[in-house]
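Q: Here's a structure for you.
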Amino acid sequence: MRYSYEFKRKCVEMYYQGLYPDTPEGIGSTEFHRTIREWVRIEEACGPEALKHKGQNKVWSPEDKYALVVRVLAGESYTAVALSVGISKGMLYQWVRKYKIYGYNGLISKPKGRKSKDPDMKKIGTRAPKKLNESEYEELIRLRAENEVIKKEIALREEKEAAQLKAKKQRSSNNSVKKDTH
């Protein structure tokens, strides 16, 4: 469940007075009290601003990640380190696990998104084609005419081959009919 900053601040103030607010519906009181105690620890470690929702997540450099991993490997608890910088324990667990498996390179962020099937292929349609100069335009017209001539030659050749094949079939069928009559 996502809580507003004002609600979190109210819960923390009540906690300091020795009270707990009413537990919202759909969540257990034990879990809600644990969440409030976590908010108190976050506020104590990072100040009340840490309870606000951020517009976007912070991008952590590999050096910053490494500094936090070293603190955990030196003996500090995951919870204490995570709360001190305002991240979740789960994220810190991932960084430590990747560091143990891959070393420092495991802390380097990988690019997001799907890989291109052909990375060398240029995007089509991103720019308008440049204007041809007069000699290029004449060459284009000549090539198109040459292409049309080649297409006509191919069509004529295919027609001629089809006619020859038809004539051959007729001759062979005539020969086979004569053989059957004998």
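Q: With axes computed from alpha carbons, what is the tilt in degrees of helix 62-73 against the longest principal axis of the chain, rounded to the nearest 10 within 0 to 90?
A: Here the helix axis deviates by roughly 50 degrees.
Q: Taking the 0 to 90 degree range and rounding to the nearest ten, how far is the long axis of helix 29-46 tilted relative to the main principal axis of the chain, both from C-alpha atoms?
A: Orientation of helix 29-46: about 90 degrees from the principal axis.
Q: Of Lys8, Lys58, Lys115, Lys52, which has the most accessible area with a 1.4 Å probe, and how do the rest follow in descending order? Could you put the intermediate results ahead of the total?
A: Numbers: Lys8 25, Lys58 125, Lys115 180, Lys52 85 Å².
My answer, sorted largest first, is Lys115, Lys58, Lys52, Lys8.
Q: In whole percent, what relative contact order does the chain give with Cα contacts below 8 Å and a gap of six or more residues? Can you show the working numbers first?
A: Values: 76 pairs, mean separation 24.9, N = 182.
Relative CO of the chain lands at 14 percent.
Q: Could you give the dipole magnitude of the chain about its Cα centre, charging the beta-carbon of Lys and Arg +1 and that of Asp and Glu -1, in debye to the nearest 20?
A: Details: 38 positive and 25 negative charges, 219 e Å.
Dipole about the Cα centre, nearest 20: 1040 debye.
Q: Let me ask another. Taking log10 I(q)/I(0) by the Debye sum over Cα atoms at q = 0.08, 0.11, 0.17 Å⁻¹ as the quantity of interest, determine which of (1) -0.33, -0.59, -1.10; (2) -0.21, -0.40, -1.03; (3) -0.59, -0.77, -1.16 was computed from the displayed structure.
A: (3)
Q: Another question about this same structure. How high is the FRET efficiency from Leu132 to Lys152, r the C-beta distance, R0 30 Å, rounded to 0.05? Could you put the intermediate results ahead of the total?
A: Details: r = 26 Å, r/R0 = 0.86.
Between Leu132 and Lys152 the formula returns 0.70.
Q: Using only Cα atoms and rounding to the nearest 10 degrees, what angle (0 to 90) does helix 89-102 make with the longest principal axis of the chain?
A: Around 60 degrees separate the two axes.
The values are calculated or read from the model by the stated rules, or taken from the named source; none is laboratory data. Just so we're clear, the structure is a prediction, and the values are computed from it rather than from any experiment. Neighbour counts are summed over all protein chains in view; Cβ atoms, including those assigned to glycine, are modelled from backbone coordinates with ideal geometry. For the accessible areas, the whole protein counts, side chains as well, though only heavy atoms, and no ligand, DNA or RNA atoms are used. Shrake-Rupley method; radii C 1.70, N 1.55, O 1.52, S 1.80 Å.
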